[in-house]
1. Suppose we filter V172, V164, V118 for residues that are of a type in the set (A, V, I, L, M) and within 19 Å of K16 (Cβ to Cβ); which single one remains?
2. Confirm whether Y82 is under 15 Å from the mean Cα position of the chain (by Cα), in a strand (DSSP E or B) and under 20 Å from R158 (Cβ atoms).
3. For K114, all conditions in the list (1) basic (K, R); (2) farther than 17 Å from S76 by Cβ; (3) surrounded by fewer than 14 Cβ atoms within 10 Å (Cβ to Cβ) hold save one; what is the number of the exception?
4. Considering only residues of the stretch 1-22 that are closer than 17 Å to I190 by Cα and under 14 Å from the mean Cα position of the chain (by Cα), which is modelled with the lowest pLDDT?
5. Say whether the condition of being outside the structural domain of L72 (by TED's automatic domain parsing), among the aliphatic types (A, V, I, L, M) and modelled with pLDDT of 95 or more is met by at least one residue in the stretch 107-117.
6. Just to be sure I understand, how many residues within the stretch 153-192 are outside any loop (DSSP other than H, G, I, E, B) and of a type outside the set (A, V, I, L, M)?
Amino acid sequence: MSLKTTTPHHHFVIYKPYGYLSQFINNGPKQGKKKLLGALYDFPKGVMAVGRLDEKSEGLLFITTDGKVSNLINSSQFEKEYYALVDGAISEDALQKMRNGVEIGFNGKKYLTKPCKVTLLDAEPNLPPRKKKIRDARHGPVSWVSITLTEGKFRQVRKMTSAVGFPTLRLVRIRVGNVYINTMKSGEVIPLKTAPLEIL
């Protein structure tokens, strides 16, 4: 898929680290001295994060100056895959419930998530270490699961795993469309030569 444009735009793919907000401007005193994406790279003016990750989540994030690109990537056309470390030895019943759709809170109302792909990972994935310590299997069982969505409600994956009784301890987006984080390091920024839609 290609996107025609009459003005030059800038596009980047980054590995958003834990503890950063998916924004470039501090929106008020409540945010205090929160870490913003602008600290990672000298981005041009007018950039925006596509499909924001919350402060405690990590992984693949597109940055662009093109609103049309942002809207299309955020649409249901492209899958978003996450690896979630959850608290406990997750059951097949819990995995199936998430596959079918679970009820979560969204904008003060109840929302039934759409059917999605959920699998249990056989081993811990090879991800960059996180600076903030995570509770590991020495303090009780944990599980890694892959969750692939075509929607993206606020904190959806975390709400889904909590809804089936297995709270998320670490969350990393590893793929959007056919673009993976692969061996990217936490905080790494890669400028793209073409619009993201041409590689998705």
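1. On the way: V164 fails: within 19 Å of K16 (Cβ to Cβ); V118 fails: within 19 Å of K16 (Cβ to Cβ).
Within the list V172, V164, V118, the selection yields V172.
2. Working: under 15 Å from the mean Cα position of the chain (by Cα): yes; in a strand (DSSP E or B): yes; under 20 Å from R158 (Cβ atoms): yes.
Yes: the conditions hold for Y82.
3. (2)
4. Here is the first cut: in the stretch 1-22, the residues closer than 17 Å to I190 by Cα are 9-17, 22.
Now narrow it down to the ones that are under 14 Å from the mean Cα position of the chain (by Cα): 13-17, 22.
Details: V13: 96, I14: 97, Y15: 98, K16: 97, P17: 97, S22: 93.
Looking at residues that are closer than 17 Å to I190 by Cα and under 14 Å from the mean Cα position of the chain (by Cα), I get S22.
5. Yes, the stretch 107-117 contains at least one residue that is outside the structural domain of L72 (by TED's automatic domain parsing), among the aliphatic types (A, V, I, L, M) and modelled with pLDDT of 95 or more.
6. Of the residues in the stretch 153-192, 11 are outside any loop (DSSP other than H, G, I, E, B) and of a type outside the set (A, V, I, L, M).
Residues checked against (1) assigned to a loop (DSSP other than H, G, I, E, B); (2) surrounded by fewer than 17 Cβ atoms within 10 Å (Cβ to Cβ):
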| site | (1), (2) |
| --- | --- |
| I104 | no, no |
| K110 | no, yes |
| E124 | yes, yes |
| L127 | yes, no |
| W144 | no, no |
| E151 | yes, yes |
| T194 | yes, yes |
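The values are calculated or read from the model by the stated rules, or taken from the named source; none is laboratory data. Quick caveat: nothing in here was measured; it's all calculated off a predicted structure. In this analysis, Cβ positions are derived from the backbone assuming ideal geometry, glycine residues included, and neighbour counts consider all displayed protein chains.
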